[in-house]
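Have a look at the structure below before the remarks.
The values are calculated or read from the model by the stated rules, or taken from the named source; none is laboratory data. The model shown is predicted, which means the values in this text are computed figures rather than measured ones. Here Cβ is always computed from backbone atoms with ideal geometry, including for glycine, and neighbour counts include all displayed protein chains. Just so you know, the surface numbers come from the protein's heavy atoms only, side chains and all, with ligands and any DNA or RNA stripped out. Shrake-Rupley method; radii C 1.70, N 1.55, O 1.52, S 1.80 Å.
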Amino acid sequence: TSFGFKEVREEEKSQMVGNVFTSVASSYDLMNDVMSGGLHRLWKERLVSKLNPFPGMKHLDVAGGTGDVAFRILESINSVKNRALLDVHDDNLLEETKIYVCDINPNMLNVGKKRAQERGLGDNSSLIWVEGDAEALKFEDDSMDGYTIAFGIRNVTHIEKALAEACRVLKRGGRFLCLELSHVEVPVFKELYDYYSFSVIPAIGELVAGDRESYQYLVESIRRFPSQEKFASMIAEAGFQKVEYENLVGGVVAIHSGVKF
Ligand code: SAM
């Protein structure tokens with residue numbers, strides 16, 4: 001039956017995603033820099049500045065991998081500027097901040113924990129590493145002030161389930177933000193970008209990570225991901241309001257956001 005066929009495909013997809021990230025975990029950060037020319041750093045900065053994190057917040061970063069987004073959130077909260085706004089007794093508030101990094105792949109989490117140690121955040125009680133699936137979160141209803149997912153939702157088997165889970169765990173007024181590789185519609189730039197993704201990225205993958213196949217998969221998964229407008233409507237269907245998106249670099253990436261009311 002077509003149902004049976006779909007089941008197999010989905011199982012294959014989950015397994016494929018698992019294999020991809022297990023094989024790239026150690027070279028993952030380097031590859032991000034090489035493939036995006038360092039731009040992913042700016043995109044993540046933009047994501048965190050849109051989130052506008054605050055001391056004492058409970059935040060969930062899903063598909064958090066090596067902790068890149070979580071570290072930035074924590075740094076933003078602990079920044080001198082932010083601290084200057086606090087009273088002395090608000091030091092407790094800093095300690096109450098909880099940033100959960102949730103990822104399905106323990107290898108990615110282990111790389112993240114190692115990086116936390118290197119940054120002197122090894123014993124930081126605000127950072128909590130959780131192995132888990134975006135489609136079935138192990139967190140309570142209405143428990144989070146914020147939810148981020150960066151370059152992660154594209155890999156999730158049932159995007160609708162992940163969005164519904166995001167909505168479930170957020171408190172009322174809580175914010176959903178998603179950074180994802182998206183679609184370029186600008187003529188000429190689109191052709192250049194297609195060439196870059198279909199020819200250059202797999203070649204870099206082979207050269208730097210010794211793994212052409214995983215990066216071929218990456219490019220195909222970007223292709224299959226819904227358009228900015230379509231994804232925005234999926235977020236609204238999951239129950240979010242004030243859904244909007246911002247294109248960066250002509251749509252190479254987009255930041256979608258919504259609020260749970
Ligand atoms: N957010 C990090 C960043 O921006 O650097 C990591 C992004 S990485 C491209 C995608 C991550 O999604 C991987 O660490 C992978 O293990 C994770 N992932 C894939 N499917 C997932 C799922 N269903 N639930 C949670 N994490 C998932």
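Before moving on, here are some points about what is shown:
- Residue 227 vs. criteria of a type in the set (S, T, N, Q) and within 15 Å of residue 151 (Cβ to Cβ): no
- Checked against (1) of a type outside the set (Lys, Arg); (2) farther than 27 Å from residue 204 by Cα; (3) within 13 Å of the ligand (Cβ to nearest atom); (4) without any contact (Cβ under 8 Å) to a residue 40 or more places away in the chain, residue 49 passes all but a single condition, namely (3).
- One residue stands out in region 148-188 among those that are of a type in the set (Gly, Ala, Ser) and not in a helix (DSSP H, G or I): the one that is farthest from the chain's Cα centre (by Cα), namely 173.
Conditions tested, residue by residue: (1) outside any helix (DSSP H, G or I); (2) within 16 Å of the ligand (Cβ to nearest atom).
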position	(1), (2)
203	no, no
208	no, yes
215	no, yes
218	no, yes
221	no, yes
230	no, no
246	yes, no
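- Of all residue pairs spaced 6 or more apart or on separate chains, none has beta-carbon atoms under 6 Å together with a first member in region 129-146 that is more than 19 Å from residue 112 (Cα to Cα) and of a type in the set (Phe, Trp, Tyr) and a second member that is assigned to a loop (DSSP other than H, G, I, E, B) and open to solvent by less than 30 Å² (accessible area, probe 1.4 Å).
- Filter result for residue 92 (modelled with pLDDT of 90 or more, over 13 Å from the mean Cα position of the chain (by Cα) and surrounded by fewer than 18 Cβ atoms within 10 Å (Cβ to Cβ)): no
- Within region 101-123, the only residue that satisfies the criterion of being assigned to a loop (DSSP other than H, G, I, E, B), more than 13 Å from the ligand (Cβ to nearest atom), touching a residue at least 40 places away in the same chain (Cβ under 8 Å) and open to solvent by less than 60 Å² (accessible area, probe 1.4 Å) is 121.
- The lone exception for residue 165 - which of (1) modelled with pLDDT of 95 or more; (2) within 23 Å of residue 45 (Cα to Cα) it fails: (2)
- Considering each residue of region 171-193 in turn, at least one proves to be away from the ligand (no atom under 16 Å from the Cβ), open to solvent by 30 Å² or more (accessible area, probe 1.4 Å) and under 18 Å from residue 32 (Cα atoms).
- Residue in region 139-160 that is under 15 Å from residue 58 (Cβ atoms), within 13 Å of the ligand (Cβ to nearest atom) and surrounded by fewer than 22 Cβ atoms within 10 Å (Cβ to Cβ) present: yes
Yes or no, residue by residue, for (1) more than 11 Å from the chain's Cα centre (by Cα); (2) more than 13 Å from residue 151 (Cβ to Cβ); (3) modelled with pLDDT of 90 or more:
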{"site": "22", "(1), (2), (3)": "yes, yes, no"}
{"site": "26", "(1), (2), (3)": "yes, yes, no"}
{"site": "31", "(1), (2), (3)": "yes, no, no"}
{"site": "35", "(1), (2), (3)": "yes, no, no"}
{"site": "39", "(1), (2), (3)": "yes, no, yes"}
{"site": "51", "(1), (2), (3)": "yes, yes, yes"}
{"site": "61", "(1), (2), (3)": "no, no, yes"}
{"site": "70", "(1), (2), (3)": "no, yes, yes"}
